[in-house]
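Any read-out appearing in this document is the output of simple, stated calculations on the displayed coordinates, not a laboratory observation. All figures in this text were calculated on a predicted structure; none of them were measured in a lab. Every residue, glycine among them, receives a Cβ derived from its backbone with ideal geometry; neighbour counts consider all protein chains shown.
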Amino acid sequence: MRDQLAKIKEEAVAALEAARDLEQLNEVRVKFLGKKGLLTGVLRGMGGLSAEERPVIGQLANEVRAYLEEQLETRQESLKSAGKESRLLVETIDVTLPGQPVVLGKMHPLTTVLEEIKDIFMGLGFTIEEGPEVETDYYNFEALNLPKDHPARDMQDSFYITAETLLRTHTSPVQPRTMERLAPRVPVKAIAPGKVYRRDDDATHSPMFHQVEGFIIDKGITFADLKGVLLTFVQQMFGADREIRLRPSFFPFTEPSAEVDVSCIMCNGAGCRVCSQTGWLEILGSGMMHPRVLEMSGYDPKEVTGFAFGMGVERIAMLKYGIDDLRLLFENDLRFLAQF
Amino acid sequence: MRVSYKWLKEYVDLSQTTPQELADKMTMSGVAVEHLEDLGEGIKNIVTGRLAKIEKHPDADKLQICQVDAGTGELLQIVTGAANVREGQVVPVALVGAELPSGLKIKRSKLRGVESLGMLCSGKELGLDEKSLAEESQGGILILPADTPIGKDIKEVLGLDDVVLELELTPNRADCLSMVGVAQEVAAVLGVEFHPPMIEVKETEDNIEGLARVDIVDTDLCKRYVARIFRNVKTAPSPQWMQQRLRAAGMRPISNIVDITNYVMLEMGQPLHAFDYDTLGGQQIIVRRAVPGEELVTLDNSVRKLEPEMLVIADAKAPVGLAGVMGGLDSEVTDETKTILLESAYFDGACIRRTSRKLGLGSEASKRFEKGIDLGGCVRAADRAAQLMVELGAGEIVRGVIDICVTSVEDKVINLSLERVGLILGIEIPKDNVVNILKGLGFGVEDQGAQLVVKVPTRRNDITLEEDLVEEVARLYGYNNIPTTLPDGPTTQGARTYGQQVHDLIRKTILSCGLTEVLTLSFSNQKLLDNLRIPQDDSQRRAVVLQNPLSEEQNMLRTTLIPGLLEVTARNFARRVKDIAIFELGNTFEPTTEGKLPVEHLTLAGMALGQTAQNWQGKPVTMDFYYLKGIVEALFTALGLTGVSYAAEKSNPSFHPGRTAKVLVKGEEIGIIGQLHPDVAENFDLSGEVYAFQLAADKLVEKADLVKKYRSLPRFPGMERDMAFVVARDVEAARILEIIRANGGDLLQDVTIFDLYQGQQIKEGYKSMAFSLKYQAPDRTLTDEEVNQVQAGIEAKLAEEVGAQLRG
Ligand SMILES: [Zn+2]
């Protein structure tokens, strides 16, 4: 029986080595170590042995079993890891193929710019006010010191609904509306973004466009403060190295009035096609609130002062993104919108 | 306003500056120079020459050979094709090496074998307006006055050695619609002295009294009327210097009388009008509103129907001119005119504006009245014209002036406190600076210590308040010399309102669902609604109508966003963009009763056509009803909206009757979602299934609930059970879900549909549906038994209420 055991051990070791995968290994286990396996068969034959031999052979058989089980486990481990590796190999994919597409909707560039303007002014403590797109003559003109037949009304050709109502020609009417609501409280710091309308339709004018109006009313507000607030805005919007320049101008609702230029964002002031070689881009109208405007909406111009400004959103978007044709903004070509 | 630099030099010393430097300074102080025009630009080496001899070209009928004395010491042989040349004339001669504004360079050449050493020039070739030339020079060589010296630079002779400053005036600076006004401004800007023109009138012995009578009837529209009478009038061309100045200003020389009135208007800013005195009935001028039914033949030979809001100049019988707008033909000054009545008046700007608009007659004169002229300048302007009449030998001046003025003409007195200047500008400007600036503008200044008493001349009618003076000081002190500070008041909080937050959330949610934002114009028209198949009596037909639209396509404000989105979709589709998913968030407009503003409804609409992005892994998803509905549902989730339901909408003519739903929130209809009717798609040149939704965004704001609150996570395991059954096809999912939820008790947490099948294995008219139900109790682990019980209850109800037959 000793020989038998030695032979089983030898055969089993060979079979373990020969097993190529876990399944074959299991077959080997069943064949040699299973309940009906060869080793068990040897032990069953121990009945014919003498009392002296029985424990010796029994111990030997146990040693063989222990040895084989250990070998089996080792072999099992090595086959397992080999199997894993080969599976990973089979599972290899082309990682350069594109991913599952996730469609992102694109915000209209005008909305993006509007949001940016709002964020900058909210950071400066401004609230956001709103007003109707169809306005009364009173808020659109008269409350802004533009009485009927004022020559400056020529500057803005309006769409009329009735003799007394029209599509607002600027976001400025939000100024008197807000003031009437809040007077005589100070400080008032607000911007009013929105759509405005003028009777113009050509390569550089759209009958509908967007403006942002802004104003501050408080005790001791000065023209110097106007310059400071607008410089802060311009530097946040167009970059910290931008400068501004103010030119005297005329708006019926401000006095003194100023056009605000920003140093050209294309050429940094050296002069280029975009700035007509001047080095400056006109982006804002502004001024100290006209005393009559303050008065009409319930503030005492001897007690408080204020300033107001307005900007065209299309102009800013075109400068920011280098868009050279206004009409693209309202054509809504998806290939255009996808760029933002 | 076009300002001749040469002319300007007559009033201010410009020796220390250049046109460009002056232009920059003016722009930065408020009178913007839009453009500098060098009148002689491109002209080089062109001189005056006398045609000494002219012969026919031997080999060409249309050519002539001229021997020209151009002051070079020898006769130059020049061949010309012009027919209007005669011996002895003085003409512009482009010498060899000359350049013309067109870029043409003159070289020695041969024309049909004859050598030519230069070129004779036409007015047009020198950049002159052909029509402003004397008749003999039109269409040929420019013929200069016979006494023009020869060998002179043509730029000097024609006044082209000049630069024109084109001003871009703001409406308040009407005073700069005159040379003297501009000169006063330039004097202030440069800090030099202003020399107004010296005016002296040589009058004859007889007196205007008794020769004419002026009455202003409508004193609200005419504040002042000044008249002078000129006798022994001789019409002739005006002198070259005057013609050159008129041309530089953009006006066409006509004859001495007309040119004088235009010249004085340009110089003093006061429009003048000359009447043929002998045509005036009763030798009388009456300034009054037109009488209904009155007519006037104006200078341009058209019959004008007059309206009572128009101001006319009439004689004793009838209107002879439209005040400030255009004269009458009958009283026009002609070559036969012997006596002239000159009008220098102040008319109401608004009235002139209305009349000139109504008749489509705008002129240099009406423009000045509209913006407001100098009430104090009427007599001076009439005197200036009289002075020029004499100087030009155009007539004699009858002694005296008729001056009817219905208001006082006084300089305005405004107190300016230096403290106020500092308060507004944020900088203390020294008193001396302030005084100098105001004096430079021609204002009177009286120093009273902390306060200056400022006298503002009548020509600056834009200045009425202390703040206006502050602006004058600020702009001439220099805006860019004022410091830059930030307001130092209390800190304020910048924040979005609740409504604004919801708008932003709506936009962001829809964007994250893959729809791209578009912005369309707010205009619409009834035809677009026809294309949407909207019935005539539908409320969407009631729109806010524009009185003066740019076109019929834009004659009203939109009542729905769908047509705008359809147009965008169609435009992209035509440009071969096949897969389109877009949305817009904007106002629609609803008219209200007369006298009230329309109601503006913030509206959200989306549209989809085609498929989601192509993918190599599998088929793309078709963007259909359920695709858009998923987006709408995601939006409602983001807004915390509850109580949403959908009801089949079979009768909206814009939509597919079987693929459309009303969207309701707690029973209130807030929008629609569905496939657009194929006819609608076709009307917009679209093929394929176009899906759209439109929601009342203002209702979404009202119903949104952005307040978030934590609920504890389940501590005990839940149980998931499936349920599958066959049910009649017309039983809506909503009905089944309703039954399941109603009978699920407290344990049922959630139910979802995970399969829908109608086809071969299912009986005709039926469908198979499978639901997954989630059960959970907050305080214990559920037992099979209790869940079985609930499931059984639901199944029984489904069988009972909708005839559901349970499957395996
Ligand atoms: Zn530039």
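Per-structure values
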item	result
Residue among A:Gly45, A:Ala192, A:Tyr138 farthest towards the positive dipole end of chain A, charges placed on Cβ	A:Gly45
Two-site label geometry, B:Asn480 and A:Thr204: point separation in nm, points 7 Å out along Cα→Cβ	2.2
Rounded to 10°, Cα long-axis angle of helix B:431-440 versus longest principal axis of chain B	60
Sum of side-chain charges, B:Ile54 neighbourhood, beta-carbon under 14 Å (Lys, Arg +1; Asp, Glu -1)	+2
Antiparallel bridges, percent of DSSP beta bridges restricted to the stretch A:109-337 (to nearest 5)	95
Alpha-carbon centroid distance for the pair the stretch A:1-44 / the stretch B:225-243, whole angstrom	137
Farthest toward positive dipole pole in chain B [+1 Lys/Arg, -1 Asp/Glu at C-beta], among B:Ile254, B:Ala23, B:Leu416	B:Ala23
In the stretch B:282-340, trypsin sites (Lys or Arg not before Pro) in a DSSP loop with at most 14 other beta-carbon atoms within 10 Å	B:Lys317, B:Lys338
R0 of 60 Å, Cβ-Cβ distance B:Lys596-B:Trp241: FRET efficiency to nearest 0.05	0.45
Amide H contacts of B:Val644 (H built 1.01 Å from N, under 5 Å, at least 5 apart or other chain)	B:Lys666
Estimated vicinal HN-Hα couplings, Hz - the stretch A:324-337 in sequence order (Karplus 6.51, -1.76, 1.60; Gly, Pro = x)	9, 9, 4, 5, 4, 5, 10, 6, 6, 5, 5, 5, 6, 5
Global form of the stretch A:192-321, assessed from the alpha-carbon gyration tensor, a/c cut-off 1.5	oblate
Percentage, to the nearest whole number, of Cα pairs in the stretch A:109-337 over 32 Å apart	17
Computed FRET value (nearest 0.05) for B:Ser102 with B:Lys358, which takes r as the C-beta separation and R₀ as 41 Å	0.45
Within 10 Å of each Cβ in A:122-128, the average number of Cβ atoms from other chains	5
Net +/- balance of residues flanking B:Leu342 in space, Cβ distance below 12 Å, scoring K and R +1, D and E -1	0
Peptides ranked, highest mean first, by Cβ atoms within 10 Å: ranges B:642-651, B:478-487	B:478-487, B:642-651
Integer Hz, Karplus 6.51/-1.76/1.60 couplings in order for the stretch B:527-533, x for Gly and Pro	4, 4, 6, 4, 5, 8, 6
A:Leu89-B:Tyr498 FRET efficiency (beta carbon distance; Förster radius 51 Å; 0.05 resolution)	0.30
With Cα atoms, 0 to 90° folded angle of helix B:784-802 axis to chain B main axis	70
Per-residue Cβ neighbour rank within 10 angstrom, fewest leading, B:Leu597, B:Leu452	B:Leu597, B:Leu452
Averaged over B:615-622, number of beta-carbon atoms from partner chains that fall within 10 Å	2
Between the stretch A:191-237 and the stretch B:71-107, the alpha-carbon center distance in angstrom	57
Average beta carbon contacts from partner chains per residue of A:214-220, 10 Å cutoff	2
Ascending count of other beta-carbon atoms within 10 Å, so fewest first, for B:Ser238, A:Ser81, A:Ser172	A:Ser81, B:Ser238, A:Ser172
Angle between chain B longest axis and helix B:625-639 axis [Cα atoms, degrees, rounded to 10]	80
Under 14 Å, Cβ to Cβ, from B:Leu221 - net charge with Lys/Arg +1 and Asp/Glu -1	-2
Mean Cβ count within 10 Å, highest first, over the residues of peptides B:574-582, B:91-99	B:91-99, B:574-582
Check: chain B dipole with +1 on Lys, Arg Cβ and -1 on Asp, Glu Cβ, in debye	1920
Separation between Cα centres of the stretch B:309-346 and the stretch B:675-720, rounded to whole Å	72
Relative contact order (percent, whole number), chain B, Cα cutoff 8 Å, 6+ residue spacing	8
Packing-based exposure ordering (other Cβ within 10 Å, fewest first) of A:Lys148, B:Lys371, B:Lys44, B:Lys105	A:Lys148, B:Lys105, B:Lys44, B:Lys371
Exceeding the 20 Å Cα-Cα cut-off - candidates A:Lys195/B:Lys371; B:Lys650/B:Lys699; B:Lys44/B:Lys131; A:Lys118/A:Lys189; B:Lys578/B:Lys662	A:Lys195/B:Lys371; B:Lys650/B:Lys699; B:Lys44/B:Lys131; B:Lys578/B:Lys662
Amide proton proximity set for A:Trp280, modelled H, under 5 Å, gap of 5+	A:Cys264
Segments B:253-259, B:565-571, B:545-551 sorted - mean Cβ within 10 Å per residue, highest first	B:565-571, B:253-259, B:545-551
Fraction of antiparallel bridges per DSSP, chain B only, in percent to nearest 5	95
Contact order normalised by residue count of the stretch A:2-90, Cα under 8 Å, 6+ apart, percent	36
Reachable lysines, given that their alpha-carbon falls under 18 Å from the alpha-carbon of B:Lys455 and they are not under 8 places away in the same chain	B:Lys412, B:Lys431, B:Lys439
Size of charge dipole - the protein assembly as shown - debye, nearest 20, with Cβ of Lys, Arg +1 and Asp, Glu -1, no other charges	2960
Net dipole in debye of the stretch A:219-340 [+1 Lys, Arg Cβ; -1 Asp, Glu Cβ; about Cα centre; nearest 20]	140
Farthest positive-ward along the protein assembly as shown dipole, Cα basis, beta-carbon charges - from B:Val90, B:Pro598, B:Leu51	B:Pro598
